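Asker: Got a structure for you, written out below as structure tokens; questions coming shortly.
The values are calculated or read from the model by the stated rules, or taken from the named source; none is laboratory data. Since we're looking at a predicted model, the values are computed, not measured. Note that each Cβ is placed from the backbone with ideal geometry, even for glycine, and that neighbours are counted across all protein chains shown.
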Amino acid sequence: MKPEELFFAMQDIDDEYVTEAMPKDKAAVKRKRFIKRMSWIAACLALFLVNVWLFLPPPSPAVPDISAFEGDPDYELIEKINSVVDHGEKQYKNNLAIICNKLGIGTLDGDEMVILPYEGEIKTAYGDAGEPGVITSERVKVVGDKIYYSSYNELDISEEIPQRVNGIHYGGELLTGEGNTVISVQAGDHIDVYDKETKKILSYVSSISGTLVTCATVGESLIVVTKWRIPTNGDAYSGDVLTPDIAADGNGFADLKNHSKVLPDNITSRYCITVTLFDRNSLEQKNAITVYSVSNDCTTAHITAENVFITTSEYERLSSDGLKYTKEGKTDIYRIAISGDKLEYRGDINIQGFIEDESYMDEKDGVLRVVSENRWLVYKKGLISDKFFDKEYGVSLYLISLGDEMSVVGSNDTSDTLFVSRIGEISADRILLNDLCVYTVGYDGDFVYIGTSLYPVQDSLHSFCQVDLSDIDDITFKNTKKMQWFTTLIDYGEYFVGVGDDEVEICVYKKSAEGGIDIESVYTYTDHSKRYEYYMDGLFIDRERMLLGLRLLTFNDKYEFEYEVFDISEGIPHKVLSIPCDGKGVAIYVEGWVYVFDDAGVRREWVGES
Amino acid sequence: MRFQKTRNQPCEKYVIIGEGQRFLIEKYSGKGHCSEMEDAKIVELYWSRSEDAIKESRDKYGAYCYAIAYNVLYSDPDAEECVSDTYMNAWENIPPKKPVLLGAFLGKITRNIALNRYVHDRAQKRSGGTEVLFEEVEGILTDGEDIMDTVALRDAINSFLGELRKKDRVVFVQRYWYMCPVSDISREFGISESAVKVILHRTRNKFRDYLNERGINI
């Protein structure tokens, strides 16, 4: 018998047994199969919908209701600002990118982290960016026979043994070195003027909107530059939110007086930069200008005797090329003229490249000279996020005429905006245009000095370049042809000094009779056991005594600092002092003594007067 | 009289078996009275040649018949077709027949149609599950002369089933009559598949011995 015949034979078993063995589950097989099939369809549909959702761009942030402000004179502007997604905030390509970012997948790779500016970054000068007639802020100030430092109140150095005087706590940036007062600007929101004799506050501003970008005294005026953001909270949309607040002498918050608004045609950002002018003694607020809708990427400001230059740098996406596209670094420069106790907006200009700090700019004879670092970032398009692929660098030097409006001037202009071609085109000597990046910039009369590096910097292919601008129709370029890595450039009159970080390197150049430096006259001091902390509060410059003080970090695992002082009066960096620091100390030279302030207190060492 | 609880239908029912009479009564489940018609009434519809008979049969036993056909054929459209043929076959056979257990009656028709179709189409498409079943029973079959008296074989099978413990019988019938997969049987009884296979193996051996004792060669 075949098996199937047995199955046929079993066909007629008793109904009782058939009924008895009726499968409970099998009766519902069809239903279960239907449910299973529907489950598959539902799962596939859900998977499809999830995939669609993952690759959809994320929803725009909720826009606050501003209907309550209809009728406000600034309602049109409020409406525009209200609709803006903050420029500078990270924009995700799709929902999958948000999830990956939260899980730490697909974040920026190392190279990109190095070259992209931090959001909201405000750069302080590493170089010596002082302008004639302008007193820039410092952490340590000498006023008469007193030294002021934020952590140590004041130090009376008139006595045989300097006495620390308690009473007033100074904080933030210290400004004046003249008269009877000290101005302390605290991180953008607090300004005090002290009488150094009575140690009493003469006047104060308890609050001013924003974060401090920079401050300086110009003549009898105090200029404070702040950056702030129009709030997203709908409740904050009233007329006065478009004008920064100030609280002076305990009178409560009020709008800045004589405030002017500079509004672009297209509002693309909630970020604003305000320049406020005070009387430096009474702190009476005289005038203010706010530039609205600026980038939040990289901000710096440079104050001269006649102008305030504000820069914001960011990347702009250029047109796509198949699966790749390029972002180009661009900088907006805004000019605000200082005229007595008035401020006046005098236009803006857009240039190629990034301006890292205020030492990249210098004003001379009605011309703003600007060095920028060109950056082109190439990206590959991706599903989750676009991937950084390649980069190119270059250096540009702009001469910007400061007439009624800013404009780029020059004779060998090959494009509409570039005056001086990229340095690499002038120097054929192992400097490649696309690989040059800027490390530091220094100005000395008609000469511009640029510390450059080949990227990546680990290759240590650094160079020190000198550009002669005395004849703008015949600009010349010199390269020291030395592998010197300068992060700070200092003009000492007869000499020009470059200081490099990583391993300590100090180069002293003698200036030539024709102007500029004699590149063959360099004398170099190096110390491979320490590195220079290239922040402005990490050095002091005393041009009268020809001293250079540097805070150095020793290459060991103890994170030990030393303050070292060099005498360069003979054109050779000669170490005259080395003081261990407890933490990040700062120092200053006063009448033969070097005072060092650190976490352990204050001490002084005699180095002698000139 | 004994009550046998079944859960094979959408609403709970009790099969009352006793004194040669078998009939179903519906039990109020608390979630609404069961709307399915009693077998006797459906059979009456067949007898009165009402087409509602097929509709009621489909409502009550459609899924059940489908499951039987699917277990043999492993094909949705083929199983659906078998179930349709089942109703036509029932329509042609009632009357004269008057089944007491309509489910078993329809199930047998479905199984028969499905098996015939499977054997007919076997050369073209073999169902893995059914082939496995055939292989399982090969141990029972002998190379000797086949019995020609199918009635004697049917009686022997019924007699054998009657001697089995209930659990072993139900497992055996589910496997070789309903042709259920071992996994389904194990799930229904809450035992492992290995345990089901052991039961089937022992029961097959008993069946072979039972037939041998009676001189029945298959």
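Asker: List the number of the failed condition for A:Gly493; all other conditions in (1) at pLDDT below 70; (2) more than 21 Å from A:Arg551 (Cα to Cα); (3) part of a loop (DSSP other than H, G, I, E, B) hold.
Answerer: Only one criterion in (1) at pLDDT below 70; (2) more than 21 Å from A:Arg551 (Cα to Cα); (3) part of a loop (DSSP other than H, G, I, E, B) is unmet by A:Gly493, namely (1).
Asker: Hey, does the stretch A:208-229 have a residue that's part of a strand (DSSP E or B) and either out of contact with any strand residue (DSSP E or B) (no Cβ under 8 Å at 6 or more places or on another chain) or at pLDDT below 70 (or both)?
Answerer: no
Asker: Just checking, does the stretch B:54-61 include any residue being over 28 Å from B:Val119 (Cα atoms), more than 11 Å from every other protein chain (Cβ to nearest Cβ) and modelled with pLDDT of 85 or more?
Answerer: Scanning the stretch B:54-61 turns up at least one residue that is over 28 Å from B:Val119 (Cα atoms), more than 11 Å from every other protein chain (Cβ to nearest Cβ) and modelled with pLDDT of 85 or more.
Asker: I would also like to ask the following. Which count do you get for residues in the stretch B:70-122 that are surrounded by 19 or more Cβ atoms within 10 Å (Cβ to Cβ), of a type outside the set (A, V, I, L, M), under 23 Å from A:Glu5 (Cβ atoms) and within 12 Å of another protein chain (Cβ to nearest Cβ)?
Answerer: 10
Asker: Turning to a different aspect of this structure: Which pairs turn up if I take residues in the stretch B:188-205 that are free of Cβ contacts under 8 Å to residues at least 12 places away in the same chain and more than 22 Å from B:Ser159 (Cα to Cα) and look for partners that are loosely packed, with under 12 Cβ neighbours inside 10 Å and hydroxyl-bearing (Ser, Thr, Tyr) with beta carbon separation below 7 Å, at least 6 apart in sequence or on another chain?
Answerer: From the stretch B:188-205, the pairs are B:Glu193/B:Ser183.
Asker: Within the bounds of the stretch A:327-339, is there any residue that is β-branched (Val, Ile, Thr), more than 16 Å from the chain's Cα centre (by Cα) and either under 20 Å from A:Leu402 (Cβ atoms) or in a strand (DSSP E or B) (or both)?
Answerer: The answer is yes; a qualifying residue exists.
Asker: Looking only at the stretch B:169-184, filter to residues that are of a type outside the set (S, T, N, Q) and without any contact (Cβ under 8 Å) to a residue 40 or more places away in the chain; which one of those is surrounded by the fewest Cβ atoms within 10 Å (Cβ to Cβ)?
Answerer: Across the stretch B:169-184, the extreme among qualifying residues is B:Arg169.
Asker: If a residue has to be outside any loop (DSSP other than H, G, I, E, B), at pLDDT below 75 and among the charged types (D, E, K, R) to count, how many in the stretch A:19-76 make the cut?
Answerer: Count: 5.
Asker: State which residue pairs qualify: first residue over 16 Å from B:Arg58 (Cβ atoms) and among the basic types (Lys, Arg) and inside the stretch B:89-104, second residue at pLDDT 80 or above and not in a loop (DSSP other than H, G, I, E, B) in any location, beta carbons under 8 Å apart, and separation of 6 or more residues or different chains.
Answerer: B:Lys97/B:Phe105; B:Lys98/B:Val43; B:Lys98/B:Trp47
Asker: Within the stretch B:187-218, can you find the residues that are touching a helix residue (DSSP H, G or I) at 6+ places or on another chain (Cβ under 8 Å) and within 18 Å of B:Glu138 (Cβ to Cβ)?
Answerer: Result: B:Lys197, B:Leu200, B:Arg202, B:Thr203, B:Arg204, B:Lys206, B:Phe207, B:Tyr210, B:Leu211, B:Ile216, B:Asn217, B:Ile218.
Yes or no, residue by residue, for (1) crowded, with 22+ Cβ neighbours inside 10 Å; (2) of a type in the set (Val, Ile, Thr):
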site	(1), (2)
A:His259	no, no
A:Ala305	no, no
A:Ser313	yes, no
A:Leu318	no, no
A:Gly322	no, no
A:Lys327	no, no
A:Ile351	yes, yes
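Asker: I'd like to check something: does the stretch A:502-512 contain any residue that is modelled with pLDDT of 80 or more, among the basic types (Lys, Arg) and assigned to a strand (DSSP E or B)?
Answerer: The answer is yes; a qualifying residue exists.
Asker: A follow-up question, please. Across the stretch B:169-218, what is the total count of residues that are more than 11 Å from every other protein chain (Cβ to nearest Cβ) and among the β-branched types (Val, Ile, Thr)?
Answerer: Residues flagged as more than 11 Å from every other protein chain (Cβ to nearest Cβ) and among the β-branched types (Val, Ile, Thr) within the stretch B:169-218 amount to 6.
Asker: Do any strands (runs of 3 or more DSSP E) entirely within the stretch A:534-610 hold 1 or more residues that are free of Cβ contacts under 8 Å to residues at least 40 places away in the same chain, and if so, which?
Answerer: Correct list: A:547-554, A:561-567, A:574-581, A:593-598, A:601-606.
Asker: To continue, here is another question. Give the residues of the stretch B:136-168 that are at pLDDT 85 or above, surrounded by fewer than 17 Cβ atoms within 10 Å (Cβ to Cβ) and more than 7 Å from every other protein chain (Cβ to nearest Cβ), sorted by residue number.
Answerer: Scanning the stretch B:136-168 gives B:Ser159, B:Gly162, B:Glu163, B:Arg165, B:Lys166, B:Lys167, B:Asp168.
Asker: Related question: Could we say that A:Tyr334 is touching a strand residue (DSSP E or B) at 6+ places or on another chain (Cβ under 9 Å) and surrounded by fewer than 21 Cβ atoms within 10 Å (Cβ to Cβ) here?
Answerer: Criteria not met by A:Tyr334.
Asker: Look at A:Glu591 and say whether it is over 18 Å from A:Lys141 (Cβ atoms) and of a type in the set (D, E, K, R).
Answerer: no
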